[in-house]
Ligand code: B12
Ligand code: SF4
């Protein structure tokens, strides 16, 4: 019976079929429950809103960066009821004392639509947090349905907020919190960051079973994310992470923190005991940034666990010895960012220094180990020409030739707030600011590119996988497939079918 407890409804407005447990909500749940509060989670990933694509299907059918998923095999089913009505019912039934919404830029709009509906049936305060509210708090607080914004990390903020609300005390001085007072907005300063070792283990218990099935190369394993670090030491211009780092540096704090190996394995032990996972998703930007001592300790201890896992790392950190050691203890898949095929553009525009030779060397090492990998690249950067885009395509093609287990994951640049290239896009007149973008970055550009028409760019996008994977003898047909004429579309469909068979 929870009716006399202080109740918090946490909302994850995730995109359709993006079934993956969000660490944000799991960390907040853990902190709240430890402090004695009751928590429920509402997520939106089984609802397909009008016009919303299934990214997983798009990636399997057209991008060929992954395989088609069999949702039915694990009992995952799209909901056909109305999202807003269902949310209203959840609010009415639970009667939360506080509603907390966690959002990135592309999910903020949906979060606000849900908040609007909650407002019709509940007078409880609504607080929003996550990367987007952190990087654009003035936009988040401007929404009429939002009462408070959490800037930065929220574990202690939510606990303090709930404690104050439960006791009927003033919330006006809670650090990290922005809140409305009449026409005024109170903007409290940031609190000190906590060591990751001191936080509670993330709590996944309030999530529906569907959220445990994160897509992984055509598989839907029961997956638990394990946070190894928070933040990132690099400063790529297309990414929001450096802004989080800058935000904290302006308060003399270091956002990038690692979890210690003993703490990590204590957490893994708890997860195995409570959830019996089939797969681990190690959430850290550069897994192999571990020093020798940490790496050896990880391998030593993971040897007795052996549950398959995914990592992300940078190509320059890949060595034969380390990949073999990871495979030996269960590594299933690896993701690396290569981003662009032109070294100079990569270094000067993207602020990511690494040579193509090094990238090829990493692909060769993976080939020697029989290891599959997804390589992330982006096209459609401000000022990027067709020739530059083709350097990216051709680098991916070369890497696929080196290692046929490689899958190219080529996305379209999206100017999310907080990225250095957002400012650059606005300054160059390629993007007219909107409060937030509702779109994700796999199918079309939000920029008015200065080098190509929208149609030309869309043509390149749809032909990318054909260029990467099909043999050169198809070149004339692939060029034709860039066109959206009847003939071009016929060429595209025929080549796309051919590609499906090759990669099956
Ligand atoms: C792991 C990850 C993913 C995973 C898992 C996502 C998931 N289910 O959570 C996957 C691969 C699925 C993913 C997908 C996407 N991601 Co992502 N992802 C990340 C990454 C690397 C780490 C996020 C994380 O777990 N951090 C650890 C947790 C504990 O920190 P946190 O989320 O910041 O939460 C803390 C605070 O923000 C705050 N907080 C958060 N929510 C709330 C709510 C309340 C009420 C309060 C009080 C506080 C609060 O408290 C939390 C605990 O301290 C970030 C980079 C980053 N630094 O955030 C990118 C990042 C968040 N992703 C990003 C993007 C763009 C996406 C996609 C849209 C990509 C796409 N497909 O187009 C999708 C969206 C998926 C969706 N939500 O439906 C961008 C967001 C950019 C922006 N300005 O909004 C980021 C910042 C990376 C980047 N490119 O810059 N992502
Ligand atoms: S793209 Fe990856 S490596 Fe670069 S700053 Fe962002 S998180 Fe760090």
Q: With everything on Cα atoms, drop me the angle between helix 83-94 and the longest principal axis of the chain, reported from 0 to 90° to the nearest 10.
A: 30
(Q) Going by average Cβ density within 10 Å per residue, which order do the peptides 126-139, 258-271 take, highest to lowest? (A) 126-139, 258-271
Q) Nearest 10 degrees, 0 to 90: what angle lies between the long axis of helix 105-121 and the longest principal axis of the chain (Cα atoms)? A) 30
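For residue 175 and residue 84 in one chain, what is 0.36 nm times their gap in residues minus the Cα-Cα distance, to one decimal in nm?
On the way: separation 91, 0.36 × 91 = 32.76 nm, distance 3.20 nm.
Gain on extension, residue 175 to residue 84, equals 29.6 nm.
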Q) Quick one: Kirkwood hydrodynamic radius for the range 228-469, alpha-carbon pairs, angstrom, one decimal? A) 19.4
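Could you grab the relative contact order for the range 228-469? Cα pairs under 8 Å, six or more apart, rounded to a whole percent.
Details: 370 pairs, mean separation 43.0, N = 242.
That works out to 18 percent.
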Q | Residues of the range 198-213 with amide N under 20 Å of a point placed 7 Å along Cα→Cβ from residue 49 | A | 211
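For the range 58-155, what does the alpha-carbon gyration tensor say about shape, rounded, prolate or oblate, given a ≥ b ≥ c as the root eigenvalues, a/c under 1.5 as rounded, and a/b over b/c as prolate?
Details: a/c = 2.59, a/b = 1.45, b/c = 1.79.
Note, shape of the range 58-155 comes out oblate.
Within 10 Å, count the other beta carbons around each residue, average over each peptide in 13-26, 184-197, and list them highest first. Numbers along the way, then the final one.
Values: 13-26: 21.9, 184-197: 13.9.
Those peptides, ordered most packed to least, come out 13-26, 184-197.
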**Q.** the range 1-80 pair-distance distribution - Cα-Cα, 5 Å bins, rounded %
**A.** 3, 12, 18, 18, 15, 12, 10, 6, 3, 1, 0
Q) Between residue 305 and residue 120, what is the label-to-label distance in nm when each label sits 7 Å out along the Cα-to-Cβ direction? A) 4.5
Q: Report the FRET efficiency, 1/(1 + (r/R0)^6), for residue 167 and residue 502, where r is their Cβ-Cβ distance and R0 is 41 Å, rounded to 0.05.
A: 0.05
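Under the rule a/c < 1.5 gives rounded, and otherwise a/b versus b/c splits prolate from oblate, where does the range 77-229 land using the Cα gyration tensor? Please list the in-between numbers first.
Working: a/c = 1.77, a/b = 1.23, b/c = 1.43.
Oblate shape, in that a/c is at least 1.5 and b/c is the bigger or equal ratio.
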Q. Taking the DSSP beta bridges in the chain as the whole, what percent of them are antiparallel, to the nearest 5?
A. 25
Q.
Compute the angle between helix 292-302 and the longest alpha-carbon principal axis of the chain, please, reported from 0 to 90 degrees and rounded to the nearest 10.
A. 80
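How large is the translational diffusion coefficient of the chain in µm² per second when you combine the Kirkwood radius over alpha carbon pairs with Stokes-Einstein at 37 °C and 0.692 mPa s?
Working: Rh = 24.1 Å.
Roughly 136 µm²/s, to the nearest whole number.
Can you tell me which of 369-382, 164-177 comes out highest on packing, and rank the rest after it, using the mean Cβ neighbours within 10 Å?
Numbers: 369-382: 20.6, 164-177: 14.9.
Going by the mean number of other Cβ atoms within 10 Å, highest first, we get 369-382, 164-177.
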Q: Run the quick spin-label model on residue 275 and residue 490: label points 7 Å from Cα toward the beta carbon, then report their separation in nm to one decimal.
A: 5.1
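The numbers here are math on the coordinates, done by the rules we state, and not lab data. These figures come from a predicted structure and were not determined experimentally. Glycine gets a Cβ as well: all are built from the backbone with ideal geometry, and neighbour counts include every protein chain shown.
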